[in-house]
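Encoded as structure tokens, the structure appears first; notes follow it.
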Amino acid sequence: VRGAVDGYVIWRGKIADISRRTETGFARGETTIAGLGEHEGQSLRISFQNEFLIARTDDDVLVCTPDLITILDAETGEPITTESLRYGFRVAVLAMPCDPRWRTPEGLQLVGPEYFGYQTSYVPVEQRYGSNGGVA
């Protein structure tokens with residue numbers, strides 16, 4: 001799957017917590033994924049507003065909008081939507097580059113992290129992960 005979408009597996013773990021609420025017509029919330037494998041003992045938080053917007057640990061932003069964040073069922077490889085997330089699911093988190101048009105100043109004004117209220121600069125996913133492909 002990773003090669004087909006030019007993505008990076010950035011985390012493997014188990015859904016440890018999920019909170020959802022509806023605000024101004026949007027499904028908003030956050031899920032916490034307890035790390036497995038090389039991330040054992042660490043947590044990843046992914047915030048969403050209908051779509052996954054930002055993935056971060058306590059110290060680092062791993063990927064953010066406008067790049068794409070997908071949570072996959074670790075057993076089947078099927079994507080899990082924000083509405084379908086459930087406690088205990090074993091998952092892999094995949095980050096993929098967005099269309100280059102979203103990376104322009106105009107695109108970032110519409111869908112960049114600051115538009116959604118996150119105080120972080122956008123860094124393209126391939127600059128964060130380069131050729132290492134993310135988590136093994």
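The values are calculated or read from the model by the stated rules, or taken from the named source; none is laboratory data. The structure presented is a predicted model; accordingly, all values stated were derived computationally and were not measured. Every residue, glycine among them, receives a Cβ derived from its backbone with ideal geometry; neighbour counts consider all protein chains shown. Accessible surface areas use protein heavy atoms only, side chains included; no ligands, DNA or RNA. Shrake-Rupley method; radii C 1.70, N 1.55, O 1.52, S 1.80 Å.
Things worth noting here:
- The string of couplings for region 79-95 from the Karplus curve (6.51, -1.76, 1.60, θ = phi - 60°) is x, 10, 7, 4, 6, 9, 4, 9, 3, x, 4, 8, 9, 10, 9, 10, 10 Hz, one whole number per residue in order, with x for Gly and Pro.
- When the surface is traced with a 1.4 Å probe over the full set of protein chains, SER19 keeps roughly 60 Å² accessible.
- Gyration tensor verdict on the chain (Cα atoms; rounded if a/c is under 1.5, prolate if a/b is larger than b/c, oblate otherwise): oblate
- Dividing the mean sequence gap of close Cα pairs (under 8 Å, 6+ apart) by how many residues region 43-136 holds gives a relative contact order of 24 percent.
- Sparse-neighbour loop sites [chymotrypsin sites (Phe, Trp or Tyr not before Pro); region 63-120; at most 11 other C-beta within 10 Å; DSSP]: TYR87
- Residue-span extension gain [GLU106 to GLN127] - 0.36 nm each, minus C-alpha spacing: 5.5 nm
- Between the listed residues PRO105, VAL61, ALA16, the Cα displaced farthest toward the positive end of the dipole of the chain, a dipole computed from Cβ unit charges relative to the Cα centre, is found at ALA16.
- Summing charges over neighbours of PRO97, with a neighbour being any other residue whose Cβ is under 9 Å away from its Cβ, gives -3 when K and R count +1 and D and E count -1.
- Net charge in the neighbourhood of ARG56 (other residues with Cβ under 14 Å of its Cβ; Lys, Arg +1, Asp, Glu -1) is -3.
- Using the Karplus relation 6.51 cos²θ - 1.76 cosθ + 1.60 with θ = phi - 60°, the per-residue 3J(HN,Hα) values for region 11-20 come to 6, 10, x, 10, 4, 9, 7, 8, 10, 9 Hz, with x marking Gly and Pro.
- Of the listed residues GLU38, GLU75, the order by accessible area with a 1.4 Å probe, largest first, is GLU75, GLU38.
- Accessible area (Å², 1.4 Å probe, nearest 10) - ARG28: 60
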